[in-house]
Every structure is written in structure tokens, then in C-alpha cells.
Amino acid sequence: MKYFLLLFLIGLGFACKESTSSNSTSVKRAKIEFKKQAEMSLFNEEGEPLTQLDLELAETPYEQETGLMYREKMNDHQGMLFIYQDERPRPSFYMKNTKIALDLIYLDKNFKVVDFNLNARPLDEKLLSSKQPSMYVLEVNAGFVENHNVELGSIAEFKRL
């Protein structure tokens, strides 16, 4: 009887293992789609237009913690705007689980560009920070700042949809 029970338990163990491994291969991560929630226009210091963007907004703590993590790509005219309640140096950005290279543009309470982090590397966990106080942080594809001649002092206009 003990021999039969031992064989039964061994067989049950193999059955459970097979069931678990077949389920693990069928798990897939859902693709994260861009959700247009706002628009932004950028201008140089003389007021001449530089470019326009469609934006996703990161306002809640969860949205700000996850940001653009797990995204496979982002179109050139898209970005994510982090909206904070106060204006201060921002020491807490990193690229953990972010698969696309980014430029980070720091804006003050008047939407004036006050600092950058350019070409932030995908999956890098090094902390990125602003030297100047900011209330907003705009994440766009790496190269955006150079390609659109965005400079310190450039001004943004923001419209929530």
C-alpha cells in the first residue's frame, strides 16, 4: 500500500509540473497603446514655432512611477508630460524597464524650458535629475531636442483635451 501511495504522489507531481510549464508559455504581455490626452506646442524665445506634440499625461503617483515603461516605441510627434503639484528640482527619474531612448525636458511653472537630460539610455537605472526647479517634465524620443532646436528658454503651450 505504501508503495502504491508513493507512486501515486510521484505521478501527481509530474502531472502538476507539466500543467504549470504549459501555462507559462501562453502568458503574453499586453501591448500598451498611446492615449492622446493633451497637445503641446513649443516655441523659441522669440515666439517662433518649433514643433507640436500629442501627449499622454502622468499625474497620479502610479502613472509617474511607471511613465513610459514597457513601451516598444513612440512616434516622433508624441510624448508624456509629468505634472507635479510643486516646482522644485526633480531628482527621481530613471529608465528602468523603459525600452526606448528618451530626452527629458524640464519645464518651470510657466512652461519655460529650464533643463534637459538628453539621450537617456534604455533600461539604465542611473538616476536622472534636473539642476533647476521644475513643475513639469516632458519625455520625448531621444534626439527630439536637437532635431527641433529646443533650447533653454524655449516656451511650451499646453492644452488638455
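Test R160 against the stated conditions and say whether it is basic (K, R), under 18 Å from the mean Cα position of the chain (by Cα), surrounded by fewer than 19 Cβ atoms within 10 Å (Cβ to Cβ) and within 26 Å of Y70 (Cβ to Cβ). Considered against the rule, which asks whether it is basic (K, R), under 18 Å from the mean Cα position of the chain (by Cα), surrounded by fewer than 19 Cβ atoms within 10 Å (Cβ to Cβ) and within 26 Å of Y70 (Cβ to Cβ), R160 comes out as no. Here I155, I100, I105 are screened, and the one residue that is at negative phi, touching a residue at least 12 places away in the same chain (Cβ under 8 Å) and touching a helix residue (DSSP H, G or I) at 6+ places or on another chain (Cβ under 9 Å) is I105.
Within the range 64-73, does at least one residue satisfy the condition of being surrounded by fewer than 12 Cβ atoms within 10 Å (Cβ to Cβ) and at pLDDT 95 or above? First the steps, then the outcome.
Residues of the range 64-73 surrounded by fewer than 12 Cβ atoms within 10 Å (Cβ to Cβ): 65, 72-73.
With at pLDDT 95 or above added as a condition, the list becomes none.
So far as the range 64-73 goes, no, none of its residues is surrounded by fewer than 12 Cβ atoms within 10 Å (Cβ to Cβ) and at pLDDT 95 or above.
Look at L104 and say whether it is closer than 21 Å to E39 by Cα and either surrounded by 16 or more Cβ atoms within 10 Å (Cβ to Cβ) or at pLDDT 95 or above (or both). Working first, answer last.
Numbers: closer than 21 Å to E39 by Cα: yes; either surrounded by 16 or more Cβ atoms within 10 Å (Cβ to Cβ) or at pLDDT 95 or above (or both): yes.
Spelling it out, L104 is indeed closer than 21 Å to E39 by Cα and either surrounded by 16 or more Cβ atoms within 10 Å (Cβ to Cβ) or at pLDDT 95 or above (or both).
Among the criteria (1) surrounded by fewer than 16 Cβ atoms within 10 Å (Cβ to Cβ); (2) among the basic types (K, R); (3) farther than 20 Å from I32 by Cβ, the one K99 does not fulfil is (3).
The values are calculated or read from the model by the stated rules, or taken from the named source; none is laboratory data. Worth saying up front: this structure is predicted, and the values here are computed from it rather than measured. Backbone-built Cβ (ideal geometry, glycine too); neighbour counts: all protein chains shown.
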